[in-house]
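Below: the structure, in structure tokens.
The values are calculated or read from the model by the stated rules, or taken from the named source; none is laboratory data. The structure presented is a predicted model; accordingly, all values stated were derived computationally and were not measured. Because the Cβ atoms are built from the backbone with ideal geometry, glycine has one as well, and the counts that use them run over all protein chains shown. Keep in mind that these areas ignore ligands, DNA and RNA; they rest on the heavy atoms of the full protein, side chains included. Shrake-Rupley method; radii C 1.70, N 1.55, O 1.52, S 1.80 Å.
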Amino acid sequence: MGGKVSFPRINLDRDKTVVVTGGNTGIGYETAKWIAFLGAKVIIACRSEERANEAINKIKAEYQAEKERGTDGIIKDGDLNIEFMQLDLSSLKSTKRFIDAYKSSGRKLHVLICNAGIAMHEQAYTEDENELMFQVNYLSHLLITLHLIPVMKESGSDDCRIVLLSSAAHLMAAFDVTKIQGNHLSKDNFDRLKYYGNSKLYQIMQMYYMNRRLKDTNVSVLSIHPGIVETEIDRSFQDLGRWKVFFRMSKLFGFTKNPLEGAESSINAAINPDLKGTRDVYFQNCKASSTNSTARNMVNQETLLKFSLERLKDYLTEDIAKDWMPEIQI
Ligand SMILES: NC(=O)C1=CN([C@@H]2O[C@H](COP(=O)(O)OP(=O)(O)OC[C@H]3O[C@@H](n4cnc5c(N)ncnc54)[C@H](OP(=O)(O)O)[C@@H]3O)[C@@H](O)[C@H]2O)C=CC1
Ligand SMILES: CC1=C(/C=C/C(C)=C/C=C/C(C)=C/C=O)C(C)(C)CCC1
């Protein structure tokens, strides 16, 4: 499955600055690696400096090998520009520290790839009293986008993008603002797939509510389903035997992808010049695909935004909170 890897192999502006959350492994690793190979500045934002440095060293070694092989599209002169920044999405304090460090570094920002995520985790709550998948996959990434959109607006580029790694699992999700935290459920009744799907649904809803407000700006938001990709994502659901069987069957029937194939939609959404100004598209195998009516419902989107701003209120300036106020009376 996957076949030919299909993002354009073009040299990128050496000043183009791309942040990949969770770029140390899996889909994020391949995304960070290829965008760096094509010449952009890449920042791997992840929680372990050690894992990030391992990834950066591996990317540099793979680059030398690709250069010697004469691989098309990769930069041939100069070194890769790839760095680590500390970010733990399970803590709003850590996420805000990342934002402050980014802003005070004076870096520009052209592409933000919200890739880090956890799937089908058992019921767990963060120090901020949010359901873990809700916070890591959606809410903390939202905090980053709210603070870094102004940096994108000042980048001097007319083509800045936010790419959200969602999932087809959003099709199985449901929206009920009173049940977002799942704390009305016992540990045994907490449906791990549904709550994972919910976090991915919120990312697609985020794409729609953000694009409404960003429509006359240089910033656009896109979302992705990468396919079923063999990465470390199964670490939080290794105890769920039935899923192992399902994924083994998927592999047997050739439905799974390797991490590079899984990264192609993210890389394409991040760098393909033909997608300049494109909004509200959910990509699967680099092709526009359908979201569901729950995700496209504007009342749901604005309700989620209101709830999210409330959860983030201690970490927002008055200006940001005002700019993103819900557009309709809920
Ligand atoms: N693999 C698949 O089949 C599919 C994946 N996706 C989505 O793609 C994205 C990438 O997943 P994939 O590459 O498969 O998964 P991996 O588990 O291989 O990578 C996940 C990345 O997220 C990081 N991460 C997890 N928790 C945190 C945290 N609290 N703070 C910061 N970083 C964190 C991990 O860091 P660390 O190494 O430190 O744990 C790692 O870098 C996810 O959003 C996932 O939901 C969507 C559909 C299918
Ligand atoms: C392919 C495969 C595996 C991994 C499956 C994965 C990683 C699936 C992730 C799916 C997600 C997260 C879907 C929705 O978003 C295993 C179990 C390691 C072993 C058998 C073959």
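So what does the Cα-only Debye profile of the chain read at q = 0.10 Å⁻¹, as log10 I(q)/I(0), no solvent term?
-0.54
When you take every Cα atom in region 151-243, what is the radius of gyration, and what is Dmax, the widest Cα pair distance, in Å?
Reported Rg and Dmax, both Å: 16.6, 51.
If DNA, RNA and ligands are ignored and the probe is 1.4 Å, what is the ranking of 96, 322 by accessible area, most exposed first?
322, 96
Highest GNM mean-square fluctuation, the chain, Cα pairs closer than 10 Å: which of 292, 198, 137?
292
For the chain, modelled as a GNM with alpha-carbon contacts under 10 angstrom, which of 212, 69, 248 fluctuates the most?
69
Report the per residue volume, in Å³, of the convex hull enclosing the C-alpha atoms of region 37-117.
On the way: hull volume 8.7 nm³, N = 81.
So the per-residue Cα hull volume is 108 Å³.
Taking 0.36 nm per intervening residue step and subtracting the Cα-Cα distance, what contour gain separates residue 289 from residue 168 on full extension?
42.6 nm
Per-residue accessible area for residue 34 at 1.4 Å probe radius, Å² rounded to 10?
10
Taking the Cβ of residue 37 as the centre, find all other residues whose Cβ is under 14 Å away and add up their charges (Lys, Arg: +1; Asp, Glu: -1).
Computed value for this residue: +2.
Restricting to the chain, compute how many DSSP beta bridges are antiparallel as a %, nearest 5.
10
Mind checking the per residue accessible area of the chain for me, 1.4 Å probe, whole number of Å²?
With the other protein chains kept in place, the chain gives 44 Å² per residue.
Can you list the lysines whose alpha carbon is less than 17 Å from that of residue 200, not counting same-chain residues fewer than 8 positions off?
Straight-line reach from residue 200, under 17 Å: 179.
Could you look at the chain and say what percent of its accessible area is carbon and sulfur, using a 1.4 Å probe and all protein chains?
Numbers: 7030 of 14500 Å².
Carbon with sulfur: 48 percent of the solvent-accessible area.
So how strong a dipole does the chain carry about its Cα centre when Lys and Arg Cβ are +1 and Asp and Glu Cβ are -1, to the nearest 20 debye?
540
At a probe size of 1.4 Å, how large is the accessible area of residue 77, to the nearest 10 Å²?
Residue 77 exposes around 120 Å² with every protein chain in place.
For a quick check of your reading of the filter: which trypsin sites (Lys or Arg not before Pro) in region 112-210 sit in a DSSP loop and have no more than 10 other Cβ atoms within 10 Å?
Numbers: sites: 153, 161, 179, 187, 192, 194, 200; in loops: 187.
Hits after loop and neighbour filter: 187.
Count the lysine pairs in region 204-330 whose Cα atoms lie under 26 Å apart, taking only pairs 8 or more positions apart in sequence or on different chains.
Summing the qualifying lysine pairs gives 11.
Leaving ligands, DNA and RNA out of it, work out the accessible area of residue 76 with a 1.4 Å probe and give it in Å² to the nearest 10.
In the full protein context, residue 76 sits at about 100 Å².
In vacuo Debye scattering of region 51-189, one point per C-alpha: log10 I(q)/I(0) at q = 0.17, 0.18 Å⁻¹?
-1.11, -1.17
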